[in-house]
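Chemist: To start, I am sharing the structure in question, which I have written as structure tokens.
The values are calculated or read from the model by the stated rules, or taken from the named source; none is laboratory data. This one's a predicted model, so the numbers in the text were calculated from it and none came from an experiment. We place every Cβ from the backbone using ideal geometry, glycine too, and count neighbours over all the protein chains shown. What goes into the accessible areas is simple: the full protein's heavy atoms, side chains included, and nothing from ligands, DNA or RNA. Shrake-Rupley method; radii C 1.70, N 1.55, O 1.52, S 1.80 Å.
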Amino acid sequence: MSNDTERQTAAAKVLWHFTMSLDGFVAGPGHAMDWMDRGMSFRPGLVEEYVETTGAVLGGRSGWDAAIDGARPYGGAWQGPIFVLTHHPEDARPAAGVTFLDCDVAEAVRIGLAAAGGKNLEVFSPTIGRQLLDRGLIDEIDLHIAPVLLGRGIRLFDNPGGDPVRLLAAREGEPRAVVNVRYRPERP
């Protein structure tokens, strides 16, 4: 059986991708991301894998508006087309390489995949990701679980009253296996 740290591949996938707190938040209140700067480490080469395999990014307007000075994914190491889905493109803060779309999410995916040139379209929006999941347009959900409990903020999947969405592991082995995570509280 392979493990959860297999290399990412570029296969024209629609990839819902986030680093998430252990309690299910992908951003703090107001889309704050400062919680990720606290000495977290990732598997060596992970960022480079995403830089290589990402062809385009699809995000939402709230996340874009919260980005600092039009920040680029992966610390600026990735350069490519970014699409921001919004109902009000006319008042969006423009930036090089960013296209504001006012269309259906399925059309946004079509546009993003075409621009990705055979690489993956990464979805960086909980709201858009949930809509795409509802329509069967997510190929993979890729989560990096961070050793932090935020307690509040923007949840990865917020669907009150909705039905559970069953998932299958995207690796070899038992597709319904529970992933075990064990941490200890950091003491000052």
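Chemist: At 1.4 Å probe radius, can you tell me the per residue accessible area of the chain in Å²? Present the calculation step by step, with values, prior to reporting the outcome.
Modeler: Working: 11270 Å² over 188 residues.
With the other protein chains kept in place, the chain gives 60 Å² per residue.
Chemist: Just to check, using Stokes-Einstein with a Kirkwood Rh over alpha carbon pairs, what's the diffusion coefficient of the chain at 10 °C and 1.306 mPa s in µm²/s? Walk me through the numbers on the way to the answer.
Modeler: Details: Rh = 17.5 Å.
Using the Kirkwood radius from Cα pairs, D works out to 91 µm²/s.
Chemist: How high is the relative contact order of the chain? Use alpha-carbon pairs under 8 Å, at least six apart in sequence, and give a whole percent.
Modeler: Numbers: 290 pairs, mean separation 70.3, N = 188.
Relative CO of the chain lands at 37 percent.
Chemist: With all protein chains present, how much of the accessible area of the chain (probe radius 1.4 Å) comes from carbon and sulfur, to the nearest whole percent? If you can, show how the numbers build up before the last one.
Modeler: Values: 5850 of 11270 Å².
Carbon and sulfur atoms account for 52 percent of the accessible area of the chain.
Chemist: What GluC sites (Glu not before Pro) in region 106-188 are in a loop by DSSP, with at most 12 other Cβ atoms within 10 Å of the Cβ? Please report the intermediate quantities before stating the final value.
Modeler: Working: sites: Glu107, Glu122, Glu140, Glu172, Glu186; in loops: Glu172, Glu186.
Here the GluC sites (Glu not before Pro) that fit, given the DSSP loop and packing criteria, are Glu172, Glu186.
Chemist: Ok, one more. Using the Karplus curve 6.51 cos²θ - 1.76 cosθ + 1.60 with θ = phi - 60°, work out ³J(HN,Hα) for each residue of region 14-28 in order, rounded to whole Hz, and write x for Gly and Pro.
Modeler: 9, 10, 8, 10, 8, 8, 10, 5, 4, 9, x, 9, 9, 7, x
Chemist: Using a cut-off of 12 Å between beta-carbons, work out the net charge of the residues near Leu150 (Lys and Arg +1, Asp and Glu -1, Leu150 not included).
Modeler: Numbers: positive: Arg38, Arg152, Arg155; negative: Asp23, Asp34.
Every neighbour counted, the sum reads +1.
Chemist: Per DSSP helix of 4 or more residues, -39500 (n - 2.57); summed, then divided by the residues of the chain. What does that give at 222 nm, rounded to the nearest 500?
Modeler: About -5000 deg cm²/dmol.
Chemist: Hey, if we sort Arg184, Arg171 by accessible area with the 1.4 Å probe, largest down, what's the order?
Modeler: Working: Arg184 215, Arg171 40 Å².
Most to least solvent-accessible, the answer reads Arg184, Arg171.
Chemist: Any chance you could run the full-extension gain for Ala11 through Ala169? It's 0.36 nm times the residue separation minus the Cα-Cα distance, nm to one decimal.
Modeler: This chain segment gains 55.2 nm when fully extended.
Chemist: Taking only C-alpha pairs under 8 Å that are 6+ residues apart, what is the relative contact order of region 41-129 in percent? Before the final figure, lay out each step's value.
Modeler: Numbers: 126 pairs, mean separation 35.3, N = 89.
Once divided by the residue count of region 41-129, the mean separation gives 40 percent.
Chemist: Right, another one. So which trypsin sites (Lys or Arg not before Pro) in region 4-44 are both in a DSSP loop and have at most 13 other Cβ atoms within 10 Å of their Cβ? The partial results should precede the final answer.
Modeler: Values: sites: Arg7, Lys13, Arg38; in loops: Arg7, Lys13, Arg38.
Passing sites in region 4-44 are Arg7, Arg38.
Chemist: Along the charge dipole of the chain, which of Val178, Leu121, Pro73 sits closest to the positive end, that is, farthest toward it, with unit charges on the beta carbon of Lys, Arg, Asp and Glu (+1, +1, -1, -1)?
Modeler: Projecting each Cα onto the dipole axis, the largest value belongs to Val178.
Chemist: Sticking with this structure for a sec: Accessible area of Leu46, 1.4 Å probe, to the nearest 10 Å²?
Modeler: Approximately 20 Å² for this residue.
Chemist: Contact order normalised by length for region 85-188, with contacts defined as Cα pairs under 8 Å and 6 or more residues apart; what percent is it?
Modeler: Working: 47 pairs, mean separation 16.9, N = 104.
After rounding, I find 16 percent.
Chemist: For Tyr74, Tyr183, Tyr50, what's the largest-to-smallest order of accessible area, 1.4 Å probe?
Modeler: Largest accessible area first, the residues go Tyr183, Tyr74, Tyr50.
Chemist: Taking 7 Å along the Cα-to-C-beta vector as the label spot, tell me the Tyr183-Gln79 distance in nanometres, rounded to one decimal.
Modeler: Here the modelled spin labels are 3.5 nm apart.
Chemist: What number comes out for the charge environment of Asp102, summing +1 per Lys or Arg and -1 per Asp or Glu over other residues with Cβ under 14 Å away?
Modeler: Working: positive: Arg61; negative: Glu90, Asp91, Asp104, Glu107.
Net of charged neighbours comes to -3.
Chemist: Determine the gain in length on full extension of the stretch Asp158-Ala106; use 0.36 nm per residue of separation and subtract their C-alpha separation, reporting nm with one decimal. Before the final figure, lay out each step's value.
Modeler: Working: separation 52, 0.36 × 52 = 18.72 nm, distance 1.98 nm.
The Asp158-Ala106 span can extend by a further 16.7 nm.
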